[in-house]
1. Quote the convex hull volume per residue of the stretch 5-95, based on C-alpha atoms, as a whole number of Å³.
2. Determine, from the Cβ-Cβ distance of residue 15 and residue 59 and an R0 of 22 Å, the FRET efficiency 1/(1 + (r/R0)^6), rounded to the nearest 0.05.
3. Students often check this: by mean Cβ neighbours within 10 Å, which of 25-37, 87-99, 9-21, 60-72 ranks highest, and how do the rest follow?
4. Below 8 Å between Cα atoms, with a sequence gap of 6+, how large is the relative contact order for the stretch 5-95 in percent?
């Protein structure tokens, strides 16, 4: 069964928040409470038609992309930044080259 687009976006956004949050109870964070309140406020019911639903999905996807990019940036930064001088062998390994070995 295919999830509605809004629910799929909410799950993806929640997943990214879990990856960057140290709190085990994600629903208790201020970010998640705000996101859920926005989803509740903009949901479509029989009594109302929400014009902002597409905008809400767009914003959720934008925030998810931002959080994912921020997390990946942090991983890349921690891996390659601030180690000082590297040996030739370490530099070759980073870019995917292998050094020739001298037979002795």
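Every read-out reported here was derived from the displayed coordinates using simple, explicitly stated rules and does not represent laboratory data. All figures in this text were calculated on a predicted structure; none of them were measured in a lab. Neighbour counts are summed over all protein chains in view; Cβ atoms, including those assigned to glycine, are modelled from backbone coordinates with ideal geometry.
1. Expressed per residue, the convex hull around the Cα atoms of the stretch 5-95 is 122 Å³.
2. Here the calculated transfer efficiency is 0.85.
3. Highest mean packing first, the order is 9-21, 60-72, 25-37, 87-99.
4. It comes to 32 percent, rounded to a whole number.
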